[in-house]
1. If residue 171 passes every condition in (1) out of contact with any strand residue (DSSP E or B) (no Cβ under 7 Å at 6 or more places or on another chain); (2) open to solvent by less than 10 Å² (accessible area, probe 1.4 Å) but one, which one does it miss?
2. Here is a list: 88, 71. Which entry is in contact (Cβ under 8 Å) with a residue 24 or more places away in the chain and not in a helix (DSSP H, G or I)?
3. List pairs: first residue in the range 335-346 and farther than 13 Å from residue 402 by Cα and of a type in the set (D, E, K, R), second residue open to solvent by less than 20 Å² (accessible area, probe 1.4 Å) and in a strand (DSSP E or B) anywhere in the structure, Cβ distance under 7 angstrom, at least six positions apart or on different chains.
4. Tally time: how many residues in the range 19-57 are small (Gly, Ala, Ser) and surrounded by fewer than 18 Cβ atoms within 10 Å (Cβ to Cβ)?
5. Given the conditions (1) in contact with a His (Cβ under 9 Å, 6 or more places away or on another chain); (2) of a type outside the set (Val, Ile, Thr); (3) surrounded by fewer than 19 Cβ atoms within 10 Å (Cβ to Cβ), which single one is not true for residue 60?
6. Check off (1) under 21 Å from the mean Cα position of the chain (by Cα); (2) modelled with pLDDT under 95; (3) assigned to a helix (DSSP H, G or I) for residue 181 and give me the number that stays unchecked.
7. Within the range 349-379, take every residue that is of a type in the set (Asp, Glu) and touching a Leu at 6+ places or on another chain (Cβ under 8 Å) and give me the one that is least open to solvent (accessible area, probe 1.4 Å).
Amino acid sequence: MALQRLDNRAARALFMDHHALLEQPMGGSRGSDLLQLIHRLGFVQLDSINTVARAHDMILYARRPSYRAPHLKRLYERDRALFEHWTHDAAVLPMDFYRHWHLRFLRDADMLKARWKNWRRDGFEQKFDTVLQHIRDHGPVGSSDVGKDEKKGSGGWWDWHPSKTALEYLWRSGALTVVGRDGFQKRYDLTERVIEAQLCPGNMQCDADETVDWLCNAALDRLGFATSGELAAFWDTVTTTEARAWCEQALIQGNIEEIVIEYRNGKERKVFARPGIGDKAAALPAAPGRIRVLSPFDPMLRDRNRAERLFGFHYRIEVFVPEPKRIYGYYVFPLLEGDRLIGRIDMKAQRDRDLLHIRAVWPERAIRWSAARTRRLQAELDRVRRFAGLADIEFSQNWLKDPK
């Protein structure tokens, strides 16, 4: 029997719907409403770069324009409805997921000890007891509160002092929990003082099979459709072998089925999806026509290759590319209009001048940049300006660039 097929438009719509980008950007942005959104996304990546606003704030703002940064801070630090840990990078996740992170603690403990023992600053394992006792005696700490007699490096992850490395290891392996950030510096406390006792490592046995099952199910429910490799990569805890075995078993049980999706270039690929996903895709509404600025770390773009296959949009962040070799700019934001990624924008909040400076916009090659599209962009930039707390917008001369 022929497999069900989703054309590219239906596949894009389904993917956007699972990332909360198909509906109109509106709705509650505090408390339970915000938690529900994060639960739907699975996680929100944290990043320190702040050219306009931090990545996690831009991610939430793109979906809920009434959102402001204190809403997430309150949900995380006061309400304890979120915890911070690792997926493919540092992220905040619903506290409901915490019990499924025990497997990650165990795997990170083994992986990091092997990786970090080769750093030129050794001895971090000998700092565990000292760091833990300091926190017991003094409460939550930042990295500057421990290892004061140790030689400090550059501050980069490759050059932490031993006690800072110990803090990170104890957090990643579950003994410590990050309880918030000052600026962007993490504050660590004993997990037993933050997390419910029955959920703490040591009080709850980790069932690896149960966790893998939950992680694969949760990944598929947030991606809409995926290969086994994409399921493994979503949380970056499950191995590709485990994800492949899960898919085989889920197929037998009838929990998933194989379908064919069409990529932007016309190529097709077999993926896994929930039964009946085609009917769901057919019933989806059209995407909102307004232009939205996305964070480079938006969940829809986290898997750069998947986004390129579905939307035909090649994006690579150039933060670590030397300036003369950059194609676009240091930190360039993708632009979403309807169900298409139509270009990218280089902009920065100039706080000393109280304005949002627009350096350049590069449309995609297939996009005809009309006066109406310029007005839609200006309307979105005015919304971003207000979100960033700025008074005005300034465009560079010749800001509209030719496609590259």
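The values are calculated or read from the model by the stated rules, or taken from the named source; none is laboratory data. Since the structure is predicted, the reported quantities are computational estimates derived from the model, not experimental observations. Reconstructed Cβ throughout: ideal geometry from the backbone, glycine too, with neighbour counts over all protein chains shown. Just the protein is used for accessible areas: all its heavy atoms, side chains included, with ligands, DNA and RNA removed. Shrake-Rupley method; radii C 1.70, N 1.55, O 1.52, S 1.80 Å.
1. Answer for residue 171: the failing condition is (1).
2. Residue meeting the stated conditions: 88.
3. As it stands, the answer is 337/291; 346/332; 346/360, since those pairs meet every condition given.
4. To start, the set of residues in the range 19-57 that are small (Gly, Ala, Ser) comprises 20, 27-29, 31-32, 42, 48, 53, 55.
From what is left, the residues that are surrounded by fewer than 18 Cβ atoms within 10 Å (Cβ to Cβ) are 27-28, 31-32, 48.
Matching residues across the range 19-57 total 5.
5. (3)
6. For residue 181, the failing item is (3).
7. To start, the set of residues in the range 349-379 that are of a type in the set (Asp, Glu) comprises 352, 354, 364.
Subsequent filtering for residues that are touching a Leu at 6+ places or on another chain (Cβ under 8 Å) retains 354, 364.
Working: 354: 65, 364: 36 Å².
Checked the range 349-379; the qualifying residue least open to solvent (accessible area, probe 1.4 Å) is 364.
So that you can scan it fast, the table gives a plain yes or no per residue for (1) more than 20 Å from residue 41 (Cβ to Cβ); (2) part of a helix (DSSP H, G or I); (3) in contact (Cβ under 8 Å) with a residue 60 or more places away in the chain:
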{"position": "215", "(1), (2), (3)": "no, yes, yes"}
{"position": "220", "(1), (2), (3)": "no, yes, no"}
{"position": "231", "(1), (2), (3)": "no, yes, no"}
{"position": "234", "(1), (2), (3)": "no, yes, yes"}
{"position": "242", "(1), (2), (3)": "yes, yes, no"}
{"position": "245", "(1), (2), (3)": "yes, yes, no"}
{"position": "251", "(1), (2), (3)": "yes, yes, no"}
{"position": "258", "(1), (2), (3)": "yes, no, yes"}
{"position": "265", "(1), (2), (3)": "yes, no, no"}
